Structure formats: structure tokens, C-alpha cells
Amino acid sequence: QVQLVESGGGLVQAGGSLRLSCVAFGGIFRFYTMGWYRQAPGKQRELVGTITGDGSTYYADSVKGRFTISRDNAKSTVYLQMNSLKPEDTAVYYCNTVVQRQPSGAWGQGTRVTVSS
């Protein structure tokens, strides 16, 4: 039922920053834990991090200290601030609702992030 629209990706040099946004339509947003995921070409989709309805966060070791997840419940939006980007961060980034530790909604189109060296 929840539809998700990601935006904010683009091409950036290594060491640069990007801020991704994900807007959720439908559902009671403040009740959901939200997750950011990414998928590089030829690789499995992986979890980047999560944020609970009250703002508690989790990050994968690969992005810890560089990425920050936040949310604005009034705007039904979750953000991914990405700093100190590396070429290995290149991927399509997706958001999703998280239920029982798994993504629970339909996947959107994602937003592409390309980091050049």
C-alpha cells in the first residue's frame, strides 16, 4: 500500500557529498521503521541503514561514520546524507518500509549514485 519515491542521486567525485530523499505515500509513516538499501551492478541488494519511527538508527559497517539517516515525519520523508563518498558507494539506492527486519513494501525505481575516482 505504501508507495516510495527516491530522489537526489547523481554523479559526484570521490570525497563529495549527496543527500538522498525518499517520500512515502500512504500508510501511517511515523509508525514505520524505514531502511535505505543499495544495489551495485551485478551485486545483491544490501542494507545501508535503518531508522525507527522515533529516530533510532543503524548503519552498515561500510558506511558508518560517513552516512547519516534522518526523517521528517510531518513530511513523510526519510533522508540519507552521504559524505566522503567512495567509488564503492556507486549503486542504485532504494528506500523501503521495514517489518520484521525485512523490507516490506514494493520497491520503487531507486535513485542512481555514481562516484568517480
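Rule-based calculations on the coordinates, nothing more; no lab input. On a predicted model such as this, the values are computed, not experimentally measured, just so you know.
Looking at the range 15-56 from every direction and averaging, what is the projected area of its Cα convex hull in nm²?
4.4
Mind checking which lysines have their C-alpha under 24 Å from K43, skipping anything on the same chain fewer than 8 residues away?
K64, K86
Given an 8 Å cut-off on Cα distances and at least 6 residues of separation, report the relative contact order of the chain as a percent.
Answer for the chain is 36 percent.
Just need log10 I(q)/I(0) for the chain at q = 0.10, 0.12, 0.15, 0.22 Å⁻¹, Debye formula, equal scatterers on the alpha-carbon atoms, no solvent, rounded to two decimals.
One equal scatterer on each Cα of the chain leads to -0.25, -0.37, -0.58, -1.26.
Given 10 °C and 1.306 mPa s, compute D for the range 51-95 with the Stokes-Einstein relation, Rh being the Kirkwood radius over Cα pairs; round to the nearest whole µm²/s.
136
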